Amino acid sequence: MPPLRTALLQSSGRPGSVAANLKVIEEAAERAAAAGARLLVTPEMFLTGYAIGDDVPRLAEPADGEAADAIADIAARHGLAVAYGYPERAGGGHLPLERSREWGKVFNSVQLIGPDGARLANYRKTHLFGGFERDHFTPGEKTVVQAELDGMRIGLMICYDVEFPENVRAHALAGTDLLLVPTAQMHPFQFVAESVVPVRAFENQMYVAYVNRVGPEGEFEFVGLSALAGPDGVARARAGRGEELVFADADPAFLAASREANPYLSDRRPGLYASLT
């Protein structure tokens, strides 16, 4: 299989304006496709902005809402998959609810739309960070959400989730090849982007695409530093502190060779870890 060229959209868009952020995604998709990318990843809550306070319920949309349709159209026209962060309102769309108790709840979510416009996967953030998120969102309950893209198994996660080793290890054991992590990483926690993410990629033998917001937004200062880290712990691409579209390849051949050489997963002794849960 050829490498999966991945575009990381480091941007905060225009908080509060879905229409403006859809336009940013459109422009980024056009640039990414022209550069040969098959996947575009946006930051956490990119569709609406992160620091939107009490506008979260007003701007939240169902997974099959109007914005999802617009992004599906963008993906299909440019022939690349798009993973975008957004506030998801359960119910109100065309999809049946799995459980009636979810009706009206809002989740911090990421959805992966395929290059043909099909909805491939939707993930709800399981570990909410800080008072803002806990006040406005319901935590998701499913740790591992995956989809197939160009022969690679894609996993989904959001920001704070990746800071829990158990979360990423669950993806490793489920066979995730490339873990997408839309994020809203803020000052003074930039060490997560610089150090934690490459270590997660190495210790779990996978690629990790960590895609951040930038600059001031409400009470937050986002630090950028988006990266695609490989299974050797090396960042294939690293953004700076400004608006940027960066590219890197997730190479299945290199991943297979790295997994063959690295014994972490095969040397595990799960029987010793029962006390962790």
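Which one of these does ASP54 not meet: (1) out of contact with any Lys or Arg (no Cβ under 8 Å at 6 or more places or on another chain); (2) surrounded by 17 or more Cβ atoms within 10 Å (Cβ to Cβ); (3) charged (D, E, K, R)?
The failed condition is (2).
Within the range 11-34, how many residues are part of a loop (DSSP other than H, G, I, E, B) and open to solvent by less than 40 Å² (accessible area, probe 1.4 Å)?
5
Let's see how each residue does on (1) among the hydroxyl-bearing types (Ser, Thr, Tyr); (2) in contact with an Asp or Glu (Cβ under 6 Å, 6 or more places away or on another chain); (3) part of a loop (DSSP other than H, G, I, E, B); (4) surrounded by fewer than 23 Cβ atoms within 10 Å (Cβ to Cβ):
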residue	(1), (2), (3), (4)
TYR86	yes, no, no, no
ARG101	no, no, no, yes
GLY104	no, no, yes, yes
SER109	yes, yes, no, no
ASP116	no, no, yes, yes
HIS127	no, yes, yes, yes
GLY140	no, no, yes, yes
GLU148	no, no, no, yes
ILE154	no, no, no, no
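Count, please, the residues in the range 217-240 that happen to be in contact (Cβ under 8 Å) with a residue 40 or more places away in the chain and at negative phi.
Within the range 217-240, residues that are in contact (Cβ under 8 Å) with a residue 40 or more places away in the chain and at negative phi number 9.
Taking the condition of being touching a His at 6+ places or on another chain (Cβ under 9 Å) and more than 18 Å from ARG238 (Cα to Cα), how many residues in the range 1-33 meet it?
Number satisfying all stated conditions: 4.
Scanning for something at pLDDT 95 or above, under 19 Å from GLY240 (Cα atoms) and among the polar types (S, T, N, Q), does the range 28-42 turn up at least one residue?
There is at least one residue in the range 28-42 that is at pLDDT 95 or above, under 19 Å from GLY240 (Cα atoms) and among the polar types (S, T, N, Q).
Which pairs do you get when a residue that is within 12 Å of LEU59 (Cα to Cα), found in the range 8-22, comes within reach of a residue that is aliphatic (A, V, I, L, M) and part of a loop (DSSP other than H, G, I, E, B), reach meaning Cβ atoms under 9 angstrom, with the pair 6+ apart or on two chains?
Once the first residue is within 12 Å of LEU59 (Cα to Cα) and sits in the range 8-22, its partners that are aliphatic (A, V, I, L, M) and part of a loop (DSSP other than H, G, I, E, B) give PRO15/MET45; PRO15/ALA51; PRO15/ILE52; GLY16/ILE52; VAL18/LEU47.
Restrict the check to the range 191-214 and report whether at least one residue is under 19 Å from TYR50 (Cβ atoms) and over 17 Å from the mean Cα position of the chain (by Cα).
Within the range 191-214, none of the residues are under 19 Å from TYR50 (Cβ atoms) and over 17 Å from the mean Cα position of the chain (by Cα).
The values are calculated or read from the model by the stated rules, or taken from the named source; none is laboratory data. All values reported here derive from a predicted model rather than from experimental measurement. Every residue, glycine as well, gets a Cβ built from its backbone with ideal geometry; the counts of neighbours run over all protein chains shown. For the accessible areas, the whole protein counts, side chains as well, though only heavy atoms, and no ligand, DNA or RNA atoms are used. Shrake-Rupley method; radii C 1.70, N 1.55, O 1.52, S 1.80 Å.
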